[in-house]
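Q: My structure is below; once you've seen it, I'll send some questions.
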Amino acid sequence: MISVCIIAKNEEKNMARCLESLTGSGAELVVVDTGSSDRTRGIAEKYTGSVYDFAWCDDFSAAKNYAVSKAANDLVLVVDSDEFLDPLPESGWKELENQAGRNPHAVGRIRRRNVFMRDGVRQENREWVNRIFDRRRFHYEGRIHEQIVGIEEGEDYQTWLSPLVFLHTGYDLTPEEKKQKTQRNILLLDRELAQVQAVAEEMRRNNGDVTGAAELEGKIPYLLYQLGKSYYMAGEYRRSCEYFAQGLSFDLNPKLEYVIDMVETYGYALLNSGQEQEALFFENIYEEFGTSADFQFLMGLIYMKNARFDEAVAEFERAQRHRDCRSAGVNSYAANYNIGVILECLGNTEQARAYYRKCEDYAPARKRLEQEKFS
């Protein structure tokens, strides 16, 4: 059996939908309220008797570990209240439990579909997230953007892919909600970064523990990445570039998911802050990162912003050879749309029309086709 653990605060708009999506699974539902002033707790009590209170202490790991401790089962799935499970076949949960049984020392991953509006257009990106584990072997660490780590010091672990897919709406916020969330995140990340740096310095200076300090400092690039992401979400693109540049100054494994995302988000931050010429240095890392549709699409944009149109079209075409991508459309309609824009700017109206039509229901392409020259 498995327990689903959720922490929440003032989530009355999401709580019922989240819990409703999980009913019928046979899983125990555990909800921990971290200080709501709305109907979050009352809504949760309609779905489960396992509702608890936790005094918020600016530490997401502490809250999630508390929720996990209240579970009746050792196998747990941790879910956020703004995540909603896509319908599963009847065998889905049984398959998940069988997978967990075959991988007792590994961590299970869920597929998350992040949806949000940007410039009036619905966007979606997809990612795998570590969420399923045996609480006797793993727990959370990190004040914010917490991660699952082995309880035994230095224990590395493998992962496995579960059949669970969740829709995530946590990035689809009003400007005021986004401002509040990013301010909170930046405050907690700054605290976490300062603490890591201070403890590492103390280990070197007082204990001579160079190895331990180096291991602790290994957390710094991830924190810099999250700070960069927070400033990016706030629209402070130049500030986000500073943190991404610091994070990427470390010797990092280019296959790590957060490193890949840091590189690509850095590219978009450079473009969004008018630093398109500086972004051309991405040519130097193409060999390491240029195997995905997402990176190739980004390179297309970089070339496009630098008026290197032939190279831009080649990258957009290359991105479409991939079946999979993280950001929806980069291997299909978004790539075709940008080729259409380039052709239109070059005066090739007929060819541009053909590419816009390939975009089907993509709103920006439809808007272009409604122009007089295409009618």
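The values are calculated or read from the model by the stated rules, or taken from the named source; none is laboratory data. Computed from a predicted structure; not experimentally measured. Because the Cβ atoms are built from the backbone with ideal geometry, glycine has one as well, and the counts that use them run over all protein chains shown.
Q: Could you please give the count of residues in the range 268-302 that are in a helix (DSSP H, G or I) and touching a Cys at 6+ places or on another chain (Cβ under 9 Å)? Can you show your working first?
A: Quick first cut of the range 268-302, residues in a helix (DSSP H, G or I) only: 268-272, 278-289, 293-302.
Narrowing the set further to residues that are touching a Cys at 6+ places or on another chain (Cβ under 9 Å) leaves 269-270, 278, 293-294, 297.
Residues in the range 268-302 being in a helix (DSSP H, G or I) and touching a Cys at 6+ places or on another chain (Cβ under 9 Å): 6 in total.
Q: Taking the range 233-287 as the region of interest, how many residues are closer than 26 Å to E177 by Cβ, of a type in the set (A, V, I, L, M) and more than 19 Å from the chain's Cα centre (by Cα)?
A: Qualifying residue count, the range 233-287: 1.
Q: Identify all residues within the range 127-150 that are among the β-branched types (V, I, T) and closer than 24 Å to N98 by Cβ; write none if there are none.
A: In the first step, residues of the range 127-150 are kept if they are among the β-branched types (V, I, T); the result is 129, 132, 144, 148-149.
Within the range 127-150, V129, I132, I148 meet the criteria.
Q: L216: of a type outside the set (D, E, K, R) and over 30 Å from P89 (Cα atoms), yes or no?
A: Values: of a type outside the set (D, E, K, R): yes; over 30 Å from P89 (Cα atoms): yes.
Yes, satisfied.
Q: Sort out which residues of the range 213-244 are assigned to a helix (DSSP H, G or I) and either surrounded by fewer than 15 Cβ atoms within 10 Å (Cβ to Cβ) or among the hydroxyl-bearing types (S, T, Y) (or both), and write them in order of number.
A: As a first pass, look at the range 213-244 and keep what is assigned to a helix (DSSP H, G or I): 213-217, 220-233, 237-244.
Across the range 213-244, the qualifying residues are A214, E215, Y222, Y225, S230, Y231, Y232, Y237, R238, S240, Y243.
Q: Inspect the range 345-357 for any residue being within 20 Å of N114 (Cβ to Cβ) and not aliphatic (A, V, I, L, M) and give the result as yes or no.
A: Filtering the range 345-357 down to residues within 20 Å of N114 (Cβ to Cβ) leaves none.
The answer is no; no qualifying residue exists.
Q: To continue, here is another question. Cβ contacts < 7 Å: first residue under 16 Å from Q195 (Cβ atoms), restricted to the range 216-235; second residue among the hydroxyl-bearing types (S, T, Y) and buried (at least 22 other Cβ atoms within 10 Å of the Cβ), any location; separation 6+ or different chain. Result?
A: Once the first residue is under 16 Å from Q195 (Cβ atoms) and sits in the range 216-235, its partners that are among the hydroxyl-bearing types (S, T, Y) and buried (at least 22 other Cβ atoms within 10 Å of the Cβ) give L224/Y243; L227/Y243.
Q: Going by the structure shown, is I144 of a type in the set (V, I, T), in the same structural domain as M15 (by TED's automatic domain parsing), buried (at least 19 other Cβ atoms within 10 Å of the Cβ) and over 26 Å from D294 (Cα atoms)?
A: Values: of a type in the set (V, I, T): yes; in the same structural domain as M15 (by TED's automatic domain parsing): yes; buried (at least 19 other Cβ atoms within 10 Å of the Cβ): yes; over 26 Å from D294 (Cα atoms): yes.
When the stated conditions are applied, I144 passes them.
Q: From the residues in the range 245-267 that are of a type in the set (S, T, Y) and part of a helix (DSSP H, G or I), which one is nearest to L173 (Cα to Cα)?
A: Kept after step one, since they are of a type in the set (S, T, Y), are these residues of the range 245-267: 249, 258, 265-266.
If we keep only those that are part of a helix (DSSP H, G or I) as well, we get 258, 265-266.
Details: Y258: 23, T265: 19, Y266: 22 Å.
So the residue we want is T265.
Q: Look through F289, F281 and report the one residue that is crowded, with 19+ Cβ neighbours inside 10 Å, hydrophobic (A, V, I, L, M, F, W, C) and closer than 20 Å to A319 by Cα.
A: Details: F281 fails: crowded, with 19+ Cβ neighbours inside 10 Å.
The unique qualifying residue is F289.
Q: Look through the range 98-114, keep the residues that are more than 25 Å from the chain's Cα centre (by Cα) and part of a helix (DSSP H, G or I), and return whichever of them is surrounded by the most Cβ atoms within 10 Å (Cβ to Cβ).
A: Step one: filter the range 98-114 for residues more than 25 Å from the chain's Cα centre (by Cα), giving 98, 101-102, 104.
Checking which are part of a helix (DSSP H, G or I) leaves us with 98, 101-102.
Numbers: N98: 11, G101: 9, R102: 9.
Top of the filtered list is N98.
Q: When you go through D38, D74 one by one, which is the residue that is charged (D, E, K, R), modelled with pLDDT of 95 or more and in contact with a strand residue (DSSP E or B) (Cβ under 8 Å, 6 or more places away or on another chain)? Even if it seems obvious, please write down each step before you answer.
A: Numbers: D38 fails: in contact with a strand residue (DSSP E or B) (Cβ under 8 Å, 6 or more places away or on another chain).
Just a single option satisfies the conditions, and that option is D74.
Results for (1) within 20 Å of G267 (Cα to Cα); (2) of a type in the set (A, V, I, L, M), shown as yes or no for each residue.
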position: L298; (1), (2): yes, yes
position: N306; (1), (2): yes, no
position: A314; (1), (2): yes, yes
position: N331; (1), (2): yes, no
position: Y337; (1), (2): yes, no
position: C345; (1), (2): no, no
position: A354; (1), (2): no, yes
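Q: A follow-up question, please. For the range 85-97, enumerate the residues that are without any contact (Cβ under 8 Å) to a residue 12 or more places away in the chain and in a helix (DSSP H, G or I).
A: K94
Q: Based on this model, can you work out whether F133 counts as outside any helix (DSSP H, G or I), under 30 Å from A365 (Cα atoms) and not charged (D, E, K, R)?
A: On the way: outside any helix (DSSP H, G or I): yes; under 30 Å from A365 (Cα atoms): no; not charged (D, E, K, R): yes.
It is false that F133 is outside any helix (DSSP H, G or I), under 30 Å from A365 (Cα atoms) and not charged (D, E, K, R).
Q: Oh, and also: Does K64 meet the test of being charged (D, E, K, R), under 21 Å from L29 (Cβ atoms), in contact with a strand residue (DSSP E or B) (Cβ under 9 Å, 6 or more places away or on another chain) and not assigned by TED's automatic domain parsing to the domain that holds I260? Spell out how you get there, then give the answer.
A: Numbers: charged (D, E, K, R): yes; under 21 Å from L29 (Cβ atoms): yes; in contact with a strand residue (DSSP E or B) (Cβ under 9 Å, 6 or more places away or on another chain): yes; not assigned by TED's automatic domain parsing to the domain that holds I260: yes.
So K64 passes the test.
Q: Does the range 306-329 include one or more residues that are under 11 Å from A365 (Cβ atoms), assigned by TED's automatic domain parsing to the domain that holds L270 and under 29 Å from the mean Cα position of the chain (by Cα)? Can you show your working first?
A: Looking only at the range 306-329, we keep the residues that are under 11 Å from A365 (Cβ atoms), and these are 329.
Next cut, assigned by TED's automatic domain parsing to the domain that holds L270 only: 329.
Among the residues that remain, those that are also under 29 Å from the mean Cα position of the chain (by Cα) are: 329.
Yes, that holds for at least one residue.
Q: Can you tell me which condition I148 does not meet? The list is (1) in contact (Cβ under 8 Å) with a residue 24 or more places away in the chain; (2) part of a helix (DSSP H, G or I), and all the others hold.
A: Only one criterion is unmet by I148, namely (2).
Q: Among (1) of a type in the set (S, T, N, Q); (2) at pLDDT 90 or above; (3) under 30 Å from A363 (Cα atoms), there is one condition Q123 misses while meeting the rest; what is its number?
A: (2)
Q: Within the set of pairs 6 or more residues apart or between chains, which connect a residue that is without any contact (Cβ under 8 Å) to a residue 60 or more places away in the chain inside the range 22-48 to a residue that is in a strand (DSSP E or B) and surrounded by fewer than 21 Cβ atoms within 10 Å (Cβ to Cβ) with Cβ atoms less than 6 Å apart?
A: Close Cβ pairs (under 6 Å, with a partner that is in a strand (DSSP E or B) and surrounded by fewer than 21 Cβ atoms within 10 Å (Cβ to Cβ)) amount to V32/Y52; D33/D53.
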